[in-house]
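Each reported figure results from applying straightforward, stated rules to the coordinates on display, with no laboratory input. All figures in this text were calculated on a predicted structure; none of them were measured in a lab. Note that each Cβ is placed from the backbone with ideal geometry, even for glycine, and that neighbours are counted across all protein chains shown.
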Amino acid sequence: MKLEIKNVTKKFKEKTAVNNFSMELQSGECVGLIGPNGAGKSTLIKVIADIIDPSTGEVLLDGKKISKMKKEIGYLPQYPNFFQWMTAKETLTFMGQLSGIKREELLNGIPEILSKVGLSGEENSKVRTFSGGMKQRLGIAQALLHKPALIVMDEPVSALDPIGRREVLNIIKEIKKDTTILLSTHILSDAEEICERFVIIKSGKKIEDTTMSELLNRNSGNKINVDITSKSQKWIENVKSLNFVKGVEVMGNKLKIEVEDIESNKNMLLANALEHNVDLVRFEIDNDTLEEIFLKLVVEK
Amino acid sequence: MNNFAVLAKKEFVQMVREFKVIWLPLVFIFLGITQPVVSYYLPSILEALGGGQGITIDPSMAAQKGGEVLASTLGSQFDQLGVMIIIVSMMGVVQSDKANGMLAFILTRPVTVGSYISGKIISNYLFVACSVALGYLVSYLYVVFLFTSVDFGDLIVALLFYLLWILFIVSFTTMISTIFNSQGIIALISIVFLLGCRIIVGLSPVIDNVNPASMSKHAMEVLILGTVNSQALWGVLAALAWTAVTILITNIWISKKKFNNE
Ligand SMILES: Nc1ncnc2c1ncn2[C@@H]1O[C@H](COP(=O)(O)OP(=O)(O)OP(=O)(O)O)[C@@H](O)[C@H]1O
Ligand SMILES: [Mg+2]
């Protein structure tokens with residue numbers, strides 16, 4: 001399986017929702033599509049799911065047009081909606097039959113998938129009575145039912161409470177073992193938990209395609225946070241005089257020390273502190289939090 | 001099961017769950033009873049009311065033939081209130097699927113637009129046609145009981161003509177439901193257009209030949225005169241052609257994904 005998104009642009013009248021977007025997805029990958037509200041995530045995902053046609057560009061699955069490969073794709077909309085009058089089982093039977101699954105297969109497949117997403121016992125409840133989280137799970141069940149090679153999910157956890165979020169993330173972790181996944185979210189830490197690779201989209205453009213560790217390394221700023229107790233305050237002057245230290249910020253007993261090269265200097269600094277019998281409370285490399293990195297990327301670029 | 005069967009079956013189940021399967025036939029049975037009963041009792045009611053004031057009752061009215069009464073069931077009941085109720089019962093046929101995203105969702109599965117539309121039109125047409133036929137049959141029973149009997153062959157021929165007009169109503173409403181997004185607008189456009197078609201019937205033979213609503217006129221003529229109008233074939237072809245056009249437009253509209261309100 002290989003998904004190719006080639007120079008996809010989607011214009012709504014004047015507005016360009018997706019702008020010349022390209023990326024490739026290999027079999028077994030799990031990619032998070034991250035972007036702020038209105039970035040064009042849903043639009044791009046709808047193009048991939050063949051719900052809307054791109055203005056220019058194309059999406060290929062195994063080299064074939066996506067419209068000919070619908071059996072190989074499972075799609076979870078941002079706000080999954082089903083026929084209110086159907087039960088969970090009827091919904092899955094309906095969608096399953098439309099995907100071309102045989103009746104006998106569905107007989108076994110549906111209870112299996114319902115227990116996988118934590119909906120066993122609800123098979124005969126009407127969708128009308130379902131909470132948002134239950135609909136989300138039914139949506140996932142529906143996307144998985146026909147065992148597609150690629151699952152595309154639009155904000156699978158954004159609308160859920162912390163408990164539902166946790167459960168759905170666990171389900172996704174589970175299915176990731178045997179399927180290729182592309183999911184969108186505006187919460188970086190959700191993506192971090194399940195995906196190795198990130199594609200960041202802003203105003204319809206791809207601004208980053210990277211992995212979590214790369215992102216963190218790139219954004220660490222050669223700074224070390226050191227917390228000391230007040231009786232070691234005099235060490236601060238000593239630190240300032242070290243030749244590899246470029247600057248020190250002092251906030252009470254907390255120091256933020258900028259060095260020339262974090263790799264080689266961090267242990268030298270620690271040795272120096274030990275040498276002076278400094279009463280250390282904390283010693284760590286200063287990393288931007290994911291939130292800070294995300295903000296930097298989408299606000300500044 | 002192929003996709004058409006799955007989608008058509010879903011429509012039938014939905015009709016049952018939403019009780020449409022009960023109320024639409026009941027409406028047509030009621031409309032079917034109204035015409036013969038009112039025609040039968042109206043003279044005596046008028047007489048009783050008008051009693052001493054010297055209103056004379058046209059004797060021909062009291063002595064209507066069965067075929068004429070059944071024809072007015074089609075012309076006065078089904079073609080007015082009946083058509084409106086069909087439209088209202090069908091205005092959401094595609095619109096509601098668009099509104100809640102199910103149309104887009106269904107089309108993410110390997111489903112052709114053709115099987116989606118045929119699933120909609122064939123199931124809804126079968127159901128509406130059965131409701132109409134049921135009302136018509138009940139009307140026939142009352143007519144035979146209260147007036148004179150109607151030739152069975154004429155009864156069936158007239159029904160077939162009429163059901164062709166119903167086919168156009170169903171496909172036209174489906175098309176409007178696909179194109180527009182507000183139920184009010186859908187109902188308004190369909191009612192104005194379809195009743196308009198019906199009203200202009202009889203104004204000009206040329207228009208009649210291309211007007212699907214002329215099917216209703218031919219049905220009534222069969223019941224009243226007992227003969228099929230020689231021009232009826234043109235009307236049949238026109239009704240079929242217009243139905244095909246509406247289905248084609250619906251198909252193009254959905255295939256081009258215009259329903260995603262771009
Ligand atoms: N049908 C439409 N007609 C006109 N503009 C649209 C349409 N759909 C989306 N847009 C515009 O395209 C842009 C991208 O929308 P999209 O829904 O893809 O964003 P998103 O990244 O999914 O945002 P969110 O996180 O809020 O779901 C938005 O500015 C939106 O206004
Ligand atoms: Mg979105």
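Taking the range B:12-26, which residues are in contact (Cβ under 8 Å) with a residue 40 or more places away in the chain and within 11 Å of chain A (Cβ to nearest Cβ)? Step through it out loud before you land on a result.
Initially, the range B:12-26 is screened for residues in contact (Cβ under 8 Å) with a residue 40 or more places away in the chain, giving B:12, B:15, B:20-21, B:24-25.
The answer is B:15, and nothing else.
Residue by residue through the range A:28-62, note down the ones that are within 13 Å of chain B (Cβ to nearest Cβ), under 15 Å from the mean Cα position of the chain (by Cα) and either more than 7 Å from ligand 1 (Cβ to nearest atom) or among the β-branched types (Val, Ile, Thr) (or both).
A:45
Could you pull out the residue among A:232, A:264 that is in contact with a strand residue (DSSP E or B) (Cβ under 9 Å, 6 or more places away or on another chain) and of a type outside the set (Val, Ile, Thr)?
On the way: A:264 fails: in contact with a strand residue (DSSP E or B) (Cβ under 9 Å, 6 or more places away or on another chain).
Exactly one residue qualifies, and that residue is A:232.
Count, please, the residues in the range A:81-118 that happen to be more than 10 Å from chain B (Cβ to nearest Cβ) and farther than 25 Å from residue A:157 by Cβ. Working first, answer last.
Step one: of the range A:81-118, the residues more than 10 Å from chain B (Cβ to nearest Cβ) are A:87-89, A:91-92, A:101, A:104-118.
Restricting the remaining residues to those that are farther than 25 Å from residue A:157 by Cβ gives A:101, A:104-108.
Going through the range A:81-118 one residue at a time, the tally reaches 6.
Suppose we filter the range B:81-103 for residues that are more than 25 Å from the chain's Cα centre (by Cα) and crowded, with 21+ Cβ neighbours inside 10 Å; how many remain? Walk me through it before giving the result.
So the first thing to find is which residues in the range B:81-103 are more than 25 Å from the chain's Cα centre (by Cα), and the list is B:99-103.
When the remaining residues are screened for being crowded, with 21+ Cβ neighbours inside 10 Å, the result is B:103.
Looking only at that region, the number is 1.
Among the numbered conditions (1) at positive phi; (2) within 16 Å of ligand 2 (Cβ to nearest atom); (3) polar (S, T, N, Q), tell me where residue A:222 comes up short.
(2)
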